[in-house]
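Below: one structure, written as structure tokens.
The values are calculated or read from the model by the stated rules, or taken from the named source; none is laboratory data. What you are looking at is a predicted structure, and each value in this text was computed from that prediction instead of being measured. Backbone-built Cβ (ideal geometry, glycine too); neighbour counts: all protein chains shown.
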Amino acid sequence: MISVILLAYNEESSLPLLIPELESTLSSIPGPHRFVVVDDGSRDRTAETARELAGKYPVVLASHPVNMGVAKAFDTGLRLALRDAAPEDLIFTMEGDRTNDPACIPEMVRLLRDGRDIVCASRYHPGGNYIGFPLKRRILSVGANTLARLIFRVPGVKDYTIFYRGYRAAVLQRALEAYGDRFIECRGFASNAEILVKTAKAVPLDCGEVAMIYRYDLKPGVSNMKIAKNLLEYLKLFLNVLR
């Protein structure tokens, strides 16, 4: 089974475009697949749209009654996908706003099935890039990833802050066993790096990357990321690791 976790906040216009693209991509890969949409308290018709799409595609919906933030959405989606996962299953995390290109998935699946434990769709792998990314967010991304490479040193990884990753279920299961409720303690976007680093601490990892062009220009709305707040959260994560 391949589970694709889609983090969604006010994505009623994106999901009807993204899920068919994903279905077209995954239909060429042997084995069953499903899309786990985590509606994080959207104020539009995200949940209703996901239910409508479930009539045609293998969509599973998890809904938060109020917006709880990206970290809680990660936690909900990962635990739901792992609830009935076999160790050899693959689990992907993506943003639900079409900034993450589904075309990366076949190569990510190939690497995972060839033995990689985690594969990141990376903006910093040769061939990767950004399109339409705001300057302030790009500075935060480059700075956070530079520090992460210096402090965390997960071999094979350059992009620590990307949502778009593929995991073998076995490594996430072992990380959850090791950390329990403390697996995701960050509250915001730094949870991206936290998931990777804690999994690397719990399990010896063989990681890889594929190039991705991050299409911020396809994002239908304005990001709710608070730059200063997330910078502080990354700094706290770095300091905790250095203790």
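Mind listing whichever residues of segment 1-46 are touching a Phe, Trp or Tyr at 6+ places or on another chain (Cβ under 8 Å) and part of a loop (DSSP other than H, G, I, E, B)?
Correct list: 41, 42.
Restricting to segment 199-222, name every residue that is assigned to a helix (DSSP H, G or I) and buried (at least 19 other Cβ atoms within 10 Å of the Cβ).
Let us first name the residues in segment 199-222 that are assigned to a helix (DSSP H, G or I), namely 199-202, 216-218.
Within segment 199-222, 199, 200 qualify.
How many of the residues making up segment 105-141 are farther than 27 Å from residue 168 by Cα and surrounded by fewer than 14 Cβ atoms within 10 Å (Cβ to Cβ)?
Qualifying residue count, segment 105-141: 5.
In the list 49, 76, 93, which residue meets the criterion of being free of Cβ contacts under 8 Å to residues at least 40 places away in the same chain and within 21 Å of residue 174 (Cα to Cα)? Spell out the reasoning first.
Values: 49 fails: within 21 Å of residue 174 (Cα to Cα); 93 fails: free of Cβ contacts under 8 Å to residues at least 40 places away in the same chain.
Selected residue: 76, the only one of 49, 76, 93 that is free of Cβ contacts under 8 Å to residues at least 40 places away in the same chain and within 21 Å of residue 174 (Cα to Cα).
I'd like the residue in segment 90-104 that is out of contact with any strand residue (DSSP E or B) (no Cβ under 7 Å at 6 or more places or on another chain) and assigned to a helix (DSSP H, G or I) and, out of all such residues, is surrounded by the fewest Cβ atoms within 10 Å (Cβ to Cβ).
Only one residue fits best here, namely 103.
Among the residues of segment 76-87, write down those that are closer than 13 Å to residue 38 by Cβ and either basic (Lys, Arg) or surrounded by fewer than 18 Cβ atoms within 10 Å (Cβ to Cβ) (or both).
As a first pass, look at segment 76-87 and keep what is closer than 13 Å to residue 38 by Cβ: 76-81.
Selection gives 79, 80.
For segment 31-71, which residues satisfy the criterion of being crowded, with 20+ Cβ neighbours inside 10 Å, of a type outside the set (Ser, Thr, Tyr) and over 15 Å from residue 19 (Cβ atoms)?
Hits for segment 31-71 are 40, 70, 71.
Identify, from the list 61, 80, 26, the residue that is under 22 Å from residue 104 (Cβ atoms) and modelled with pLDDT of 95 or more.
Numbers: 61 fails: under 22 Å from residue 104 (Cβ atoms); 80 fails: under 22 Å from residue 104 (Cβ atoms).
Of 61, 80, 26, the one residue that is under 22 Å from residue 104 (Cβ atoms) and modelled with pLDDT of 95 or more is 26.
Output the residues belonging to segment 166-184 that are of a type outside the set (A, V, I, L, M), surrounded by fewer than 23 Cβ atoms within 10 Å (Cβ to Cβ), closer than 24 Å to residue 144 by Cβ and in contact (Cβ under 8 Å) with a residue 24 or more places away in the chain.
If the condition is that a residue be of a type outside the set (A, V, I, L, M), surrounded by fewer than 23 Cβ atoms within 10 Å (Cβ to Cβ), closer than 24 Å to residue 144 by Cβ and in contact (Cβ under 8 Å) with a residue 24 or more places away in the chain, then 183 is the only one that fits.
Has segment 47-55 got any residue that is in a helix (DSSP H, G or I), out of contact with any strand residue (DSSP E or B) (no Cβ under 6 Å at 6 or more places or on another chain) and of a type in the set (Val, Ile, Thr)?
Checked segment 47-55: at least one residue is in a helix (DSSP H, G or I), out of contact with any strand residue (DSSP E or B) (no Cβ under 6 Å at 6 or more places or on another chain) and of a type in the set (Val, Ile, Thr).
Being of a type in the set (A, V, I, L, M) and within 15 Å of the chain's Cα centre (by Cα) is the filter here; which residues of segment 110-139 pass it?
Filtering segment 110-139 down to residues of a type in the set (A, V, I, L, M) leaves 111-112, 118-119, 121, 131, 135, 139.
Correct list: 118, 119, 121.
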